[in-house]
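Taken together, the values in this text are just the output of simple stated rules run on the coordinates, not laboratory data. Worth saying up front: this structure is predicted, and the values here are computed from it rather than measured. Quick reminder, even Gly has a Cβ in these numbers, built from the backbone with ideal geometry, and neighbours come from all protein chains shown.
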């Protein structure tokens, strides 16, 4: 009996020690994440500046939009869910006192929607200082194709923004100095870009999310080269791994363990928005173009993604994919 009690006590102590070490590790990791997370230190106001941000009803997009509205920008919320965006607009107006916020319908997976949105902006706006490509989608197993016959993830995350940039570029040149900010991801390192299959409708969308982020960076680097000397800069960023709605698309049982990781170790949306805000507003980014940022600091890219020949070919193929017209602005 005494032996059993002794063994039980030892087990209890062992469990307590393991629990203590686990909790200590998590707390130390949280402190490390907090200490190394970049923060936009710029206090710059954006009064008189017009900003478009896509996909801003939740996550880092919402936090970025709020920050820019709070700085006094004329904020154009370009969203697929107009009702949610309008509710958020009312919240922003109440909390920031900025009444210069408008909501526009934009579904980046639809080439028709992109064209309609751009036509509205070019007709109604007399300037565009910052264009933030924030919207993104991520599925795990559900293969989807758009009405244009494009794979959904690539259409939303890359081809829609590619077309939108072309259609708004003249307005941005007229407003120079102006900035284009692309939210990419370090997950690009898990992928490559197959120039022989840029519309991979049979590939698992979980992998295509990584491919779309790879494409975002290639697009940004080539965009910066083509815009050199125009006064329009283009930079991209990794916001960090964020506790955001994008993880809701991960099905059970994969989502069960993932949620523990997400809640314990990922950045909050407000923390994740800091680098986007930094690239959009900071004076130190004046004339800086063709760079990749993480935690508000320039960060290195893999050699493979810097291939200029591949970037040029990708660009030319993308023009055909988005059905660019001879009458559309060229970059």
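Points worth noting:
- Förster-model FRET efficiency, 41 Å R0, residue 105 and residue 141, C-beta, rounded to 0.05: 0.90
- For 314, 141, 219, the sequence from fewest to most other C-beta atoms within 10 Å is 141, 314, 219.
- A simple spin-label model places pseudo-atoms 7 Å from Cα toward Cβ; at residue 116 and residue 309 they are separated by 4.3 nm.
- Label-to-label distance, residue 301 versus residue 186, with points set 7 angstrom from Cα along the beta-carbon direction: 1.8 nm.
- Translational diffusion of the range 47-321, µm² s⁻¹ [Kirkwood Rh, Cα pairs; Stokes-Einstein; 10 °C; 1.306 mPa s]: 85
- Full-extension gain in nm, residue 148 to residue 94, via 0.36 nm per residue minus C-alpha separation: 15.5 nm
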